[in-house]
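J.: After the structure tokens below, expect a handful of questions from me.
Bear in mind these aren't lab numbers, they're just calculated from the coordinates by the rules spelled out. Because the structure is predicted, anything quoted here is derived from the model rather than measured. When we count neighbours, we look across all protein chains shown, and the Cβ atoms used for this are built from the backbone with ideal geometry, even at glycine.
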Amino acid sequence: MSPDKLFFLKFIKFCIIGFSGIFIDFGATWVLKEKLRINKYIANSTGFVLAATSNYLLNRVWTFHSQNQQVISEYFTFMLISLLGLAINNSILFLLHDKLKLNFYLAKLIAIGVVTLWNFTMNYLFTFS
């Protein structure tokens with residue numbers, strides 16, 4: 001398989017896993033924000049971190065077939081990239097929801113799309129290189 005096709009295949013797998021993470025993210029966010037009345041940014045951050053952890057495990061095995069024995073180091077690199085993505089995510093939420101008054105969940109969906117590109121690129125280059 002050509003490098004371009006392999007890169008694209010990894011991106012598609014990353015997106016499929018990311019899509020599964022949306023259910024974890026949105027589910028946790030909704031429960032925390034709507035049912036437990038926790039601050040929307042704390043709820044959003046918690047959902048994001050839970051989804052990122054699930055995504056790490058699935059991407060390690062399925063997308064990147066990582067054989068790295070330094071699992072803890074690899075996980076922390078993935079999480080650092082995810083946390084930087086979270087900062088981007090929350091910034092987009094603040095801009096679209098708080099400033100432009102877009103629906104919270106629509107703003108969150110847009111933020112996820114932007115952060116997906118960030119996360120894939122950085123994890124491809126650094127975490128699973």
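J.: Which value at 222 nm does the chain reach when only helices count, each DSSP H run of 4 or more adding -39,500 (n - 2.57), with the total divided by all residues and rounded to the nearest 500 deg cm²/dmol?
T.: Counting only the DSSP helices, I get -24000 deg cm²/dmol.
J.: If neighbour count is taken as other Cβ atoms inside 10 Å, put 74, 34 in order from fewest to most.
T.: 34, 74
J.: Here's a follow-up. Compute the long axis of helix 71-93 from its Cα atoms, compare it with the longest principal axis of the Cα atoms of the chain, and write down the angle in degrees, 0 to 90, nearest 10.
T.: Once rounded, the angle reads 40 degrees.
J.: Could you list 37, 60 so that the one with the fewest beta carbons within 10 Å of its beta carbon is first and the one with the most is last?
T.: Ranked by crowding around the Cβ, least crowded first: 37, 60.
J.: Within the range 3-127, how many Lys pairs sit with Cα atoms under 21 Å apart, leaving out pairs fewer than 8 places apart on the same chain?
T.: Step by step, the pairs that qualify in the range 3-127 add up to 9.
J.: For the chain, what's the relative contact order in percent, using C-alpha pairs closer than 8 Å and at least 6 residues apart?
T.: Taking the mean separation of contacting Cα pairs over the length of the chain, I get 24 percent.
J.: Explain nothing, just the number: dipole magnitude of the chain about its Cα centre with +1 on each Lys and Arg Cβ and -1 on each Asp and Glu Cβ, in debye rounded to the nearest 20.
T.: Approximately 300 debye in magnitude.
J.: Still on this structure, please answer the following. Summarise the long-distance tail of P(r) for the chain by giving the % of C-alpha pairs beyond 18 Å.
T.: 52
J.: Work through the residues other than residue 122 whose Cβ is under 14 Å from its Cβ and net out their charges, Lys, Arg +1 and Asp, Glu -1.
T.: Net charge around residue 122: 0.
J.: Let me ask you something else. Got a sec? How would 106, 84 order by Cβ neighbour count within 10 Å, fewest to most?
T.: Least crowded to most crowded, the residues run 106, 84.
J.: Let's test the formula: R0 of 22 Å, r as the Cβ-Cβ distance of residue 19 and residue 91. What FRET efficiency results, to the nearest 0.05?
T.: Given R0 = 22 Å and the Cβ-Cβ separation, E is 0.45.
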